[in-house]
Amino acid sequence: QLAQLLAELNSIPDLFPVKTPTSTPSKQKKISRRAFSEGQITRRMNPTRNARPPENFALEKFTVSAVKFAEHLQSYRQQNLKKRLMRKRRRSSKYSTQRPVEDITEEELDNIAITVKDKIYDKVLGSTCHQCRQKTIDTKTICRNQGCGGVRGQFCGPCLRNRYGEDVKSALLDPAWICPPCRGVCNCSYCRRRDGRCATGMLIHLAKFYGYDNVKEYLESLQKQLADDN
C-alpha cells in the first residue's frame, strides 16, 4: 500500500514543482590586482649546473688584470729610473772633475747665490747642494778631487760660507779645490750621522754669537775644549 501511495503522488506533476535553474548571467571571476599588474608569477629556481659560471670566473679576471697592472707599473718604474740616470749623468758631466777652470763662464759666476733669498728652487732644472739638500738653479762648487763628483762636491754659496767660511767663486776658480767631504771636515747631517754624530742644525747663529765666522770653526773650538778638559 505504501508503494502504491508513493507511485500515485509521483504521478501528479503540479504537486511538487521542480525549480529549474534560470539563465542568469554568471558572476565574473575576480582577477587579483597583483596578477593583473605583474602577470603570472613563476617560481624561482636555481640555474642548472651547466648554466652556472665557473667558481674561479671572477678570480681569473682579477688575476689577469693584476698581472697586467704589475707589468705596467714595473715598466713605468724602469723608464723613470732611466730618465733619472740620464739627468744625473748630464748634471754630473756639467760639474765633473774633468772640467777645467777655463770652462767656468762669467754667467756661472754671476749666478752664484750670495744669500738664501738669491736661491731659486727648481725640481727639474736645479742642482742639489750637498749641505742643505735643496735643489736650486744657482751655481754650485766643483770638487777637483779625482773620483769625486755629483752631489758630493756641490755646495751652494750660503752653505759654503756659513758652514765652512769659504767662497764659491774662489772655489770654482781654484784648480786644486777639494770639497769638505773629501777633506773629512763635512758637518752636514748625513755625514755626521754616518760618523756616529748628531746633526748640528742651524748652528750658524750660535757660532756667530760666540764670535766665530762659520760653523766649522765653532765645532773645532768645541772639540779643542773637550780635548783640553780630558
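Points to keep in mind about this one:
- Residues of the stretch 146-173 satisfying the condition of being among the charged types (D, E, K, R) and modelled with pLDDT under 95: Arg152
- Test: residue in the stretch 201-208 that is among the basic types (Lys, Arg), over 35 Å from the mean Cα position of the chain (by Cα) and more than 24 Å from Asp110 (Cα to Cα): yes
- Residues that are exposed (fewer than 15 other Cβ atoms within 10 Å of the Cβ) and either out of contact with any helix residue (DSSP H, G or I) (no Cβ under 8 Å at 6 or more places or on another chain) or hydroxyl-bearing (Ser, Thr, Tyr) (or both) within the stretch 202-218 comprise Met202, His205, Lys208, Phe209, Tyr210, Gly211, listed in sequence order.
- Scanning the stretch 191-230 for residues that are touching a residue at least 24 places away in the same chain (Cβ under 8 Å) and in a helix (DSSP H, G or I) yields Ile204, Val215, Lys216, Glu217, Leu219.
- Just one of (1) touching a Ser or Thr at 6+ places or on another chain (Cβ under 8 Å); (2) within 30 Å of Gln223 (Cα to Cα); (3) among the small types (Gly, Ala, Ser) fails for Ala113. It is (2).
The values are calculated or read from the model by the stated rules, or taken from the named source; none is laboratory data. All of these numbers come straight from a predicted model, not from anything done at the bench. With ideal geometry, Cβ positions are generated from the backbone for all residues, glycine too; neighbour counts draw on all protein chains shown.
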